[in-house]
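Since the structure comes first, as structure tokens, the remarks are kept for the end.
The values are calculated or read from the model by the stated rules, or taken from the named source; none is laboratory data. Computed from a prediction, not measured in an experiment: that's the story for all the values here. Neighbour counts run over all protein chains shown; Cβ positions are idealised from the backbone, glycine included.
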Amino acid sequence: MSNWQTLESKGISSKIPKGSVEDKWLGYKEDLKLVNPNNKRKFKVLVVGTGLAGASAAATLAELGYEVEAFTFHDSPRRAHSIAAQGGINAAKNYQGDGDSVHRLFYDTVKGGDFRARESNVHRLAEVSVNIIDQMVAQGVPFAREYGGLLDNRSFGGAQVSRTFYARGQTGQQLLLGAYQQLARQVGLGGVKLWTKVEMVDVVTVDGKAAGIVTRDLVSGEIRSHSGHAVLLCTGGYGNVFYLSTNAMNCNVTAAWRAHRKGAYFANPCFTQIHPTCIPQSDETQSKLTLMSESLRNDGRVWVPKDRDEKRSADQIPEEERDYILERLYPSYGNLAPRDISSRAAKRSVDSGLGVGPLKNGVYLDFSAAINRLGEPVVAERYGNLFEMYERISGENPYKTPMRIYPAVHYTMGGLWVDYELMTSIPGVYALGEANFSDHGANRLGASALMQGLADGYFVIPYTLGNYLAPMLNKPAPGVDHPAFKEAEQAATARYTGYMNIKGTRSPDYFHRQLGKIMWDFCGMERTKESLEKALGEIPALYEEFQKDLRIPGDMALNTTLEKAGRVDDFFQLGMLLCRDALEREESCGGHFRAEYQYDDGEAMRNDEEFAHAAAWEWTGDPMQSIRNIEPLEFEAIHLAVRSYK
Amino acid sequence: MSHIKNITLKIWRQDGPSAQGRFETYKVDSVTDEASFLELLDVVNENLLNDGKEPITFDSDCREGICGTCGLMINGQSHGPEKSTATCQLHMRKFTSGDVITVEPFRASAFPILKDLMVDRSAFDRIVESGGFITAPTGGAPDANLIPIPKPVADAAMDSAECIGCGACVAACPNGAAHLFTAAKISHLNLLPQGQAERYKRTEAMVETMNEHFGSCTNHGECEQACPKSISIDVIAIMHKDYRKSKLKNRKELARNK
């Protein structure tokens, strides 16, 4: 047993309310401190990122009367990557009468996360899930409906009920546009000041508490300070550390990482999710990977040929010569086994030479049975736009030939450590949505990311923020002329001019690709002590080269290469921490699979004795020297058990 | 996988909003037909950077055709030659060896050029801020199944709501009009029962904000052809109908209030 310190012993509380798990949120809301409506305008809140979590938080806080400033590096809040979520959003509405309940959603999420999430947070998430659907319908989100006019549901991985609400294959788009419209309303009313095309480059603290942020204007290059009473980081995940992922090109870890460097602990970075159904890589120019929604697994069947030397096209291979891997291995969940488990099954098939396609790097996802059973029009109604997207990218028609899919980096469960109130270890700095670590443990279930982003923004932070602000009434926040801001501005200026002055020979993209390859090869779907040590040898060497050989043409104003350089720099540092976290966690759980720790049948072997905790890393000035602290996880409502989907 | 060879790109370069622009020519010897059009530009940019020259500035993010960030005029067409396809989803297999391809930014006076191929589309946000929402503050929403919405109505609202806000419709329009964009949002919200309370106020505000920034519609229909989501110009008729009504309805309301 290593001598990790608990957060409690360092004076950082997870602030989990007392009482049974069902009563915690209710009890918390009854006890929390409130800010009088007329006093709310005296508090300024800075919201960084305007995806689901950020837009919903900014809009709601402005509705309540807080003075809000919102920041996005996009040209409009509507571009945030929440928009690309396809399949749906979970809620324990039990509209289908199929046995769903808040408890069941809570249970499925904790189990799906392989018992590495905080029970109290997950229960709250399940409780407010029902409010989200009500809220979004009231805002005009056109969810799919039955002919009678009531809402329709479908199933997602890791659940035996239908609790997923959806809007064709564009649920994320419709939810984000809903939240964006609420935000736009507040911008129009003057409740929110919106900053577009600015990137947060530092968090500023005074006396250990949040005082504001420093931003860089991506058009003019200007470095600017903004002061406020609280800072909300709603800046998404860090999947792009792997270079190729389903994340958008501009998704980055900079805001979260800069907060980490200012004292916010970074939790469980090694919990990264590999999504099983993405279009396989096709060539060397590939800039990103495209997800095919998990909802496809409702009707698609995953299979590989039984023969390694199979040369026939898919439709020529008879039924008895196909191996429907998920149906065989996990009969009770079948093709809807959770993401981590399905991804590993696909990887094992491809690794053993059974892959399909020209590069033998995929498995089939076959709709012929569904087309025969339901007819093409019904399948088109359910998945038409996804089929079209697949055809545009791959050039193949999935109505005729099965899709080829392979796992890809998709989501990061790890993120900034937050307490029950979503506050990081810096008082007054909060993290919402994918940017925090709190709700999904070691593996996120499908359709739960949208749920969490909106839960945090609409239904959690509007309550918990008041509890922090109330005691600060009539104590003005330090202004932007405080020396701490000047210092942060100078550091930011030095950082970006530093990149320009290296005048080496290689592009940020070159280094990003190299870094991504190391991360994927040695810290991807399967990790070993040996591979991680190799990564931890190679990344610092490459980082040194980055610092010596980077080339940025142009000047400080509108320069996308310069933007990229700052982001890649932070990915390097995060990458080291991620590998260290993976090395220290000597168990397999959820998306973190250490080959040394598995059962004979290849299933993940958890080590609850030593690792039933969240790792919360503390910055020391060098990511190779960060300190690992822990928050022990207590399971009161759900018994720790081996996760089985057989 | 095969390769497309000997491509000539004529690309618009402009150093800043008020700088003089020009076409520059770039040659690409070979690129795989699996590459997307933006991945072709990535290759050009990598080569430019390796030669110590400034890469071409262009917008792109999700590269899945949903965020609406990318958008180029390719051979004079918004998002290029393939129907219902955003620039990022256009693949090189749609081109042939030896092609000369002209690449320009989205052209419209309401979308000023920031640099090279990147334009400022914030006028779209102004339209939405003026009324493109349903006022439903967080907290007080009734149960989601309280108001059944007939499936055809929900489907029609969704057809309009699919707009990705890319601006291809404006760039394709000879008048630089934003009618398809504005009408898609109006028709999404005005079709739904939840959107009725603000229906006419919304329509009036959005149309008039649109008119401040963009040109007029003269029924060319280029917008529908250019739309990566194939949004039908029928929505423009819905918008016009509600705008006419709004003038009457809102006057009645004004008369009562005064």
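Some observations on this one:
- Cross-chain or 6+ apart pairs with Cβ under 8 Å, the stretch B:183-206 first and in contact (Cβ under 8 Å) with a residue 60 or more places away in the chain, then part of a helix (DSSP H, G or I) and of a type in the set (Asp, Glu): B:THR203/B:ASP242
- Filter result for A:GLY87 (more than 11 Å from every other protein chain (Cβ to nearest Cβ) and closer than 30 Å to A:PRO37 by Cβ): no
- Residue count for the stretch A:321-346, restricted to those that are more than 19 Å from A:THR412 (Cβ to Cβ) and either acidic (Asp, Glu) or touching a strand residue (DSSP E or B) at 6+ places or on another chain (Cβ under 9 Å) (or both): 12.
- Checking B:ARG93, B:ARG126 one by one, the residue that is at pLDDT below 95, more than 23 Å from A:ASN131 (Cα to Cα) and either facing chain A (nearest Cβ under 10 Å) or under 12 Å from the mean Cα position of the chain (by Cα) (or both) is B:ARG93 and no other.
- Residue match in the stretch A:302-314 (condition: surrounded by fewer than 24 Cβ atoms within 10 Å (Cβ to Cβ) and in contact with a Lys or Arg (Cβ under 6 Å, 6 or more places away or on another chain)): no
- Here the stretch A:233-284 is the region considered, the condition is being more than 16 Å from the chain's Cα centre (by Cα) and more than 30 Å from A:LEU365 (Cα to Cα), and the residue that is surrounded by the most Cβ atoms within 10 Å (Cβ to Cβ) is A:ALA259.
- Residue list for the stretch B:19-43, filter: under 25 Å from the mean Cα position of the chain (by Cα) and assigned to a helix (DSSP H, G or I): B:PHE37, B:LEU38, B:GLU39, B:LEU40, B:LEU41, B:ASP42
- Pairing residues of the stretch A:119-140 that are within 14 Å of another protein chain (Cβ to nearest Cβ) and surrounded by fewer than 24 Cβ atoms within 10 Å (Cβ to Cβ) with residues that are aromatic (Phe, Trp, Tyr) and part of a helix (DSSP H, G or I), at Cβ distances under 6 Å and at least 6 apart in sequence or on separate chains, gives A:VAL128/A:PHE459; A:ASN131/A:PHE459.
- For the stretch B:102-146, the tally of residues that are outside any loop (DSSP other than H, G, I, E, B), crowded, with 22+ Cβ neighbours inside 10 Å and basic (Lys, Arg) stands at 1.
- Any helices (runs of 4 or more DSSP H) falling wholly within the stretch A:424-522 and containing at least 2 residues that are buried (at least 24 other Cβ atoms within 10 Å of the Cβ) and touching a helix residue (DSSP H, G or I) at 6+ places or on another chain (Cβ under 6 Å): A:449-454
- Within the stretch A:60-94, the set of residues being in contact with a strand residue (DSSP E or B) (Cβ under 6 Å, 6 or more places away or on another chain) and either surrounded by fewer than 24 Cβ atoms within 10 Å (Cβ to Cβ) or not hydrophobic (A, V, I, L, M, F, W, C) (or both) comprises A:TYR66, A:GLU67, A:GLU69, A:GLY88, A:ASN90.
- Only a single item in (1) surrounded by fewer than 23 Cβ atoms within 10 Å (Cβ to Cβ); (2) more than 8 Å from chain B (Cβ to nearest Cβ); (3) in a loop (DSSP other than H, G, I, E, B) is not met by A:TYR147, and it is number (2).
- Subset of the stretch B:151-164 [buried (at least 24 other Cβ atoms within 10 Å of the Cβ), facing another protein chain (nearest Cβ under 8 Å) and in a loop (DSSP other than H, G, I, E, B)]: B:ILE164
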